[in-house]
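> Handing you this structure, nothing more for now.
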Amino acid sequence: DIAHLMWFERLYVWLQCFEKYILYPAIILNALTIDAFAISNYRRLGTHWNIFLMIIAGMKLLRTSFCNPVHQFVTLSFTVIFFHFDYKDISESFLLDFFMITGFVFTQLGDLLHKLQFIMTYVAPWQMAWGSSFHVFAQLFAIPHSAMLFFQTIATSIFSAPLSPFLGSVIFITSYVRPVKFWEKNYNTRRVDNSNTRLAVQIEKDPGADDNNLNSIFYEHLTRALQESLCGDLVLGRWGNYSSGDCFILASDYLNAFVHLIEIGNGLVTFQLRGLEFRGTYCQQREVEAIMEGDEDDRGCCCCKPGHLPHLLSCNAAFNLRWLTWEITRTQYILEGYSIIDNNAATMLQVFDLRRILIRYYIKSIIYYMVTSPKLLSWIKNESLLKSLQPFAKWHYIERDLAMFSINVDDDYVPCLQGITRASYCNVYLEWIQYCARKQQEPSKTLDSDEDSPLVTLSFALCILGRRALGTAAHNMALSLDSFLYGLHALFKGDFRITARDEWVFADMDLLHKVLAPAIRMSLKLHQDQFTCPDEYEDPVVLYEAIQSFERKVVICHEGDPAWRSAVLSNREELLTLRHVVDEGTDEYKVIMLHKSFLSFKVIKVNKECVRGLWAGQQQELIFLRNRNPERGSIQNNKQVLRNLINSSCDQPLGYPMYVSPLTTSHLGTHRQLKDVWGGPVSLDRIQTWFRTKWLRMRKDCHAGQHSGGNIEDVDGGGAPSTGHTTSGESQESSAEPPRKDGHRDGVPMAVAEPCSRKKGRSQSVQAHEALSQRPPILSLSGPILDSHQPFIQKSTSVHELAPRLSSSQLSLHNSAVSLHSQPPPATTTGHLSVRERAEALIRSSLGSSTSSTLSFLFGKRSFSSALVISGLSAAEGGNTSDSQSSSSVNIVMGPSARASGQATRHFSEPCEPTDAMEQGQLCDRSLAEALAENLRVMCRRASQEDMGLDDTASQQSASDEQ
């Protein structure tokens, strides 16, 4: 499984962030501030030079702190101690001292220590690995020159020149000075496949058949995986301490990769990966075994074996590990990759019974792809194609070809006729044809699949063609295993040799590309799976579902096909291919299966001066001295320095890496686990997204607070209407929501507070209507939405102009009375007195409510200002009377809701027979509620008529006053 993010890794990241972004910048900026004031008083180099050095030193130190703060604490401590206590007199300033120690002294001292470790480990006499007889004499001649070697090491450390062993011996010579930065060139490995070779070469010579070319795709996939996770893993400390130029080796069971850190930036790492051979040489295998073997079993101490304490190494193991130029920094490093399973195809197809199973799946796959093709109807209705297939439509037709068909591998072979007939073919495969046809046919269309149908004729002809193509590719020697495997591989990569009698297939090339080619590949996958469950695919249902599943999930193609590389780099779950390997006289066919999984690697950190020295030695030996011996002593195995692994990873022609990646940059933001620690990089898009998310959340919280606030009028005893408008869709959704016990809908307040100047007059008719409409499940708004209220306010100067627009107020009273009938009965049965008490309490509570709360319910909560204008038009003219307010507080209900309420009334008023005592109590409560609603309806109608009369009188009086 993937590595889990531990608590100490989180702590390490946050401490590193504190060190990188707070501590070191504060120290450097403080030193810049102090030195800036000291320039005016102390001018040893001149003001301009001091300013220039301060700027360079500050930028360099800040960059070093941001990019690689791992070793900064050592240089900072050394600078403070050395210049504060030991040599205080030679100190210029803290900033320049810190700059000189960081940029020059510690860099060269680090190179010197790495060179000394490499030389002492390489020349140690008790672990010397002599690769040739010359190495024996060189060991003796190098002893008198040890002092010279020490001064040579110091000189090469100053000038950054590598020390290379001469011809792999212990005699070291100084190579030419190399730049510190990486010398970049085009390192793209040229993979040979069908996209960059000629068709004739693909068919005849099968380019790229060697393992190295085919396996290089796995290192390319490993590079993609490291590009996503390397920078984050370095920050988490999973690779130990690191710096620019460090070299690591990732070792697993079959993947051995050399990783070179080119440059380290703030939140990015540029690296290069070099893939080594899967099946390396003898020397490479010995060094890989030295890496993989553990030292826990070593119990020796000098000449005896006293053992060791738990979780500690023995004395001999600790001593041996100190005399190495490499160290294991992590024993289990998890990366996403592919587990490779290869089976020898000769072993799987050696006996005739196994070949018979493959041919059976081949034929069934042909039938499946033919029936599922979208061109099936055009094929079986093509007159020219059916005319070419007339011989296959005859029942007495016999397909005789002793070189192609045999009783050993063909289920439908008739021995007495020495061939295959339509009858024998239908006897074996007709059930499968009919099952596939039933699965594909649509309800409106019937696909004829009987024995005499064109479908069977076409399938019979294609199956004969597929088997003949396999025999032709096998050079008409299908009984021979090698010839059979050769023909199978030729068909697998798409090389179909069509004879003259089968040229009818060229009527549509999709018969080859979409039927025969995928069928031979699917048959190999089915043949692989039948070893785990031999009899499972005898059932047509299971076989059909298996082919559908493999077609959807598994990528089956030749490795030379560009689709193979695309599938591997796209992280497909499962892949399968047939590989032909020709290596050192061996001719093998392997079935390669890839399964996406997590691979475990060992991370080995190698001395970078050892790598530079060995690469420089190979360059000198091969290019300048022209030593082309493939078994030269400089590349023989040496476990202490991993000489063979390092030399083989060098650029060609010095080394022979299987894959060399271009310079690849890994960014910190692509690491999946670090996103949980600090949320990824900061960008303008992320900032905009964050503000947008917070704003939407604040709006949502405000709406939720208004919804949960309840009826404010019940608290302060009065209020003005806050009417709004909502769409018909929203009102329909709100009408479908269940009401609360206090008469509110979920998310829709029934009333809001009004100004104090509007707490006096109220119309009793609207109060009665509001009391009855505390639960309006049928009321809804429909029709146009009031988008703007400003033109409406300018045209309507009095309440009386609203009369034509509010003509449906009588209908709303009827709907509100009907809403009582649509209210579901209570869950518990109560007596007549309780129902009457609840109704009276409902009316009493409505007497103190706002006259325009119904407008608030109908228009919604968004148009609060328009509700205040509608309810206060008469007050704006100076006539703030109870009659004008009552006339402005009306309910607008459209026709569909009224019809729905009428239907609900008729539905609930129909007589029904109670089945138990609970239903009888509910029926009594409902009848009492209907009677009470009828009485209230009469009261509301009378009160409304009185209000309309008062409105007419008030309008006439106001008109006379204006005149």
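The values are calculated or read from the model by the stated rules, or taken from the named source; none is laboratory data. Here the structure is a predicted model, which is why all the values come from computation and not from measurement. Counting neighbours? That spans all protein chains shown, and the Cβs are built from the backbone with ideal geometry, glycine included.
> Within the set of pairs 6+ apart or on separate chains, which have a first residue in segment 257-268 that is more than 23 Å from residue 659 (Cβ to Cβ), a second that is assigned to a strand (DSSP E or B) and modelled with pLDDT of 90 or more, and C-beta atoms under 7 Å apart?
Short answer, once both residue conditions are applied: 267/667.
Condition check ((1) more than 24 Å from residue 596 (Cα to Cα); (2) polar (S, T, N, Q); (3) not in a loop (DSSP other than H, G, I, E, B)) across all residues:
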position: 286; (1), (2), (3): yes, no, yes
position: 289; (1), (2), (3): yes, no, yes
position: 298; (1), (2), (3): yes, no, no
position: 309; (1), (2), (3): yes, no, no
position: 316; (1), (2), (3): yes, yes, yes
position: 330; (1), (2), (3): no, no, yes
position: 335; (1), (2), (3): no, no, yes
position: 339; (1), (2), (3): no, yes, yes
position: 342; (1), (2), (3): no, no, yes
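> Right, next: For segment 19-32, indicate whether the set of residues that are basic (Lys, Arg), more than 30 Å from residue 149 (Cα to Cα) and surrounded by 15 or more Cβ atoms within 10 Å (Cβ to Cβ) is non-empty.
Of the residues in segment 19-32, the ones basic (Lys, Arg) are 20.
In the following step, the residues that additionally are more than 30 Å from residue 149 (Cα to Cα) were identified as 20.
Now narrow it down to the ones that are surrounded by 15 or more Cβ atoms within 10 Å (Cβ to Cβ): 20.
Yes, segment 19-32 contains at least one residue that is basic (Lys, Arg), more than 30 Å from residue 149 (Cα to Cα) and surrounded by 15 or more Cβ atoms within 10 Å (Cβ to Cβ).
> Return the pair list, or none, for Cβ contacts closer than 7 Å from residues in segment 83-105 that are assigned by TED's automatic domain parsing to the domain that holds residue 38 and more than 20 Å from residue 37 (Cβ to Cβ) to residues that are aromatic (Phe, Trp, Tyr) and assigned to a helix (DSSP H, G or I), at least 6 apart or on different chains.
Listed pairs, sorted by first residue: 101/78.
> Does residue 60 satisfy being assigned to a helix (DSSP H, G or I), basic (Lys, Arg), in contact (Cβ under 8 Å) with a residue 40 or more places away in the chain and under 30 Å from residue 323 (Cβ atoms)? Quick ask: steps written out before the conclusion?
Working: assigned to a helix (DSSP H, G or I): yes; basic (Lys, Arg): yes; in contact (Cβ under 8 Å) with a residue 40 or more places away in the chain: yes; under 30 Å from residue 323 (Cβ atoms): no.
In short, no.
> From the list 339, 384, 373, pick out the single residue that is of a type in the set (Ser, Thr, Tyr), loosely packed, with under 15 Cβ neighbours inside 10 Å and closer than 28 Å to residue 439 by Cα. Steps first, answer last, please.
On the way: 339 fails: closer than 28 Å to residue 439 by Cα; 373 fails: loosely packed, with under 15 Cβ neighbours inside 10 Å.
Selected residue: 384, the only one of 339, 384, 373 that is of a type in the set (Ser, Thr, Tyr), loosely packed, with under 15 Cβ neighbours inside 10 Å and closer than 28 Å to residue 439 by Cα.
This table checks each residue for (1) modelled with pLDDT of 80 or more; (2) in contact with a His (Cβ under 6 Å, 6 or more places away or on another chain); (3) under 30 Å from residue 12 (Cα atoms).
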position	(1), (2), (3)
624	yes, no, no
639	yes, no, no
648	yes, no, no
668	yes, no, yes
681	no, no, yes
701	yes, no, no
705	no, no, no
724	no, no, no
729	no, no, no
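> With the requirement that a residue be hydrophobic (A, V, I, L, M, F, W, C) and not in a helix (DSSP H, G or I), what does segment 69-109 give you?
The first filter runs over segment 69-109 and keeps only residues hydrophobic (A, V, I, L, M, F, W, C), leaving 70, 73-74, 76, 78, 80-83, 85, 90, 94-96, 98-101, 104-106, 109.
Correct list: 70, 90.
> Which residues, taken from segment 412-432, are part of a strand (DSSP E or B) and aliphatic (A, V, I, L, M)?
Within segment 412-432, the first condition is being part of a strand (DSSP E or B), and the residues that meet it are 413-414, 419-421.
Once the filter is applied, which keeps residues that are part of a strand (DSSP E or B) and aliphatic (A, V, I, L, M), segment 412-432 yields 414, 420.
> Hey, among 509, 477, 522, which residue is of a type in the set (A, V, I, L, M, F, W, C), surrounded by fewer than 20 Cβ atoms within 10 Å (Cβ to Cβ) and within 20 Å of residue 369 (Cα to Cα)? Walk me through it before giving the result.
Working: 477 fails: within 20 Å of residue 369 (Cα to Cα); 522 fails: surrounded by fewer than 20 Cβ atoms within 10 Å (Cβ to Cβ).
Checking each option against the conditions leaves just 509.
> Suppose we keep only residues that are farther than 14 Å from residue 460 by Cβ and among the polar types (S, T, N, Q) within segment 387-410. Which one would you say is surrounded by the fewest Cβ atoms within 10 Å (Cβ to Cβ)? Before you say what the answer is, go through the steps one by one.
Of all residues in segment 387-410, those farther than 14 Å from residue 460 by Cβ come to 387, 400-404, 406-409.
In the following step, the residues that additionally are among the polar types (S, T, N, Q) were identified as 406, 408.
Details: 406: 17, 408: 14.
The extreme case among them is 408.
> Now for a separate question. Specify the residue that is surrounded by the fewest Cβ atoms within 10 Å (Cβ to Cβ); the eligible residues are those in segment 638-693 that are of a type in the set (A, V, I, L, M) and farther than 30 Å from residue 612 by Cα. Write out each step before concluding.
Filtering segment 638-693 for residues of a type in the set (A, V, I, L, M) gives 641-642, 645-646, 654, 658, 660, 663, 668, 674, 677, 682, 684, 687.
Add one more test, that the residue is farther than 30 Å from residue 612 by Cα, and what stays is 674, 677, 682, 684, 687.
Details: 674: 22, 677: 17, 682: 10, 684: 7, 687: 10.
This residue is 684.
> Given the structure, is residue 534 over 25 Å from residue 457 (Cβ atoms) and surrounded by fewer than 20 Cβ atoms within 10 Å (Cβ to Cβ)? Don't jump to the end; show me each part of the working.
On the way: over 25 Å from residue 457 (Cβ atoms): yes; surrounded by fewer than 20 Cβ atoms within 10 Å (Cβ to Cβ): yes.
Taking the combined requirement at face value, the residue satisfies it.
> Given the conditions (1) more than 28 Å from residue 333 (Cα to Cα); (2) touching a helix residue (DSSP H, G or I) at 6+ places or on another chain (Cβ under 8 Å); (3) in contact (Cβ under 8 Å) with a residue 60 or more places away in the chain, and given that residue 643 satisfies all but one, which numbered condition is not satisfied?
Every condition holds for residue 643 apart from (1).
> Would you mind stating whether residue 33 is farther than 30 Å from residue 337 by Cα, polar (S, T, N, Q) and at pLDDT 85 or above? Give the derivation first.
Numbers: farther than 30 Å from residue 337 by Cα: yes; polar (S, T, N, Q): yes; at pLDDT 85 or above: yes.
When the stated conditions are applied, residue 33 passes them.
Listed here are the residues, each with its yes/no results for (1) hydroxyl-bearing (Ser, Thr, Tyr); (2) under 41 Å from the mean Cα position of the chain (by Cα).
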site: 270; (1), (2): yes, yes
site: 286; (1), (2): no, yes
site: 298; (1), (2): no, no
site: 316; (1), (2): no, no
site: 343; (1), (2): no, yes
site: 346; (1), (2): no, yes
site: 351; (1), (2): no, no
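> Let me ask something additional. Among the residues of segment 80-93, which ones are crowded, with 19+ Cβ neighbours inside 10 Å and either in contact with a Ser or Thr (Cβ under 8 Å, 6 or more places away or on another chain) or of a type outside the set (Ser, Thr, Tyr) (or both)?
In the first step, residues of segment 80-93 are kept if they are crowded, with 19+ Cβ neighbours inside 10 Å; the result is 83, 93.
Correct list: 83 only.
> Let me ask you something else. May I ask you to verify whether residue 529 is buried (at least 17 other Cβ atoms within 10 Å of the Cβ) and over 18 Å from residue 408 (Cβ atoms)?
Working: buried (at least 17 other Cβ atoms within 10 Å of the Cβ): no; over 18 Å from residue 408 (Cβ atoms): yes.
In short, no.
> Now a separate question. Being of a type in the set (D, E, K, R), in the same structural domain as residue 618 (by TED's automatic domain parsing) and either modelled with pLDDT under 70 or over 26 Å from residue 341 (Cβ atoms) (or both) narrows it down to one of 206, 253, 193, so name that one. Spell out how you get there, then give the answer.
On the way: 253 fails: either modelled with pLDDT under 70 or over 26 Å from residue 341 (Cβ atoms) (or both); 193 fails: in the same structural domain as residue 618 (by TED's automatic domain parsing).
Result: 206 is the single residue among 206, 253, 193 that is of a type in the set (D, E, K, R), in the same structural domain as residue 618 (by TED's automatic domain parsing) and either modelled with pLDDT under 70 or over 26 Å from residue 341 (Cβ atoms) (or both).
> Would you be able to tell me the number of residues in segment 487-506 that are in a helix (DSSP H, G or I), under 44 Å from the mean Cα position of the chain (by Cα) and buried (at least 18 other Cβ atoms within 10 Å of the Cβ)?
Residues of segment 487-506 in a helix (DSSP H, G or I): 487-492, 500-506.
Keeping just the survivors that are under 44 Å from the mean Cα position of the chain (by Cα) gives 487-492, 505-506.
Then drop every residue that is not buried (at least 18 other Cβ atoms within 10 Å of the Cβ), which leaves 487-492, 505.
Of the residues in segment 487-506, 7 are in a helix (DSSP H, G or I), under 44 Å from the mean Cα position of the chain (by Cα) and buried (at least 18 other Cβ atoms within 10 Å of the Cβ).
> Another one. Return the residues of segment 437-489 that are farther than 25 Å from residue 419 by Cα and in contact with a helix residue (DSSP H, G or I) (Cβ under 9 Å, 6 or more places away or on another chain); say none if nothing qualifies. Write out each step before concluding.
As a first pass, look at segment 437-489 and keep what is farther than 25 Å from residue 419 by Cα: 437-448, 489.
Selection gives 437, 439, 440, 445, 447, 448, 489.
> When you go through 15, 95, 61, 11 one by one, which is the residue that is over 30 Å from residue 332 (Cβ atoms), out of contact with any Leu (no Cβ under 7 Å at 6 or more places or on another chain), at pLDDT 85 or above and aliphatic (A, V, I, L, M)?
Values: 15 fails: over 30 Å from residue 332 (Cβ atoms); 95 fails: out of contact with any Leu (no Cβ under 7 Å at 6 or more places or on another chain); 11 fails: over 30 Å from residue 332 (Cβ atoms).
From the options 15, 95, 61, 11, the qualifying one is 61.
> Additional query: Which one of these does residue 605 not meet: (1) at pLDDT 90 or above; (2) assigned to a strand (DSSP E or B); (3) not assigned by TED's automatic domain parsing to the domain that holds residue 217?
For residue 605, the exception is condition (3).
> Find the residue count for segment 551-594, including only residues that are touching a residue at least 60 places away in the same chain (Cβ under 8 Å) and either among the hydrophobic types (A, V, I, L, M, F, W, C) or assigned by TED's automatic domain parsing to the domain that holds residue 517 (or both).
The number of residues fulfilling the criteria is 11.
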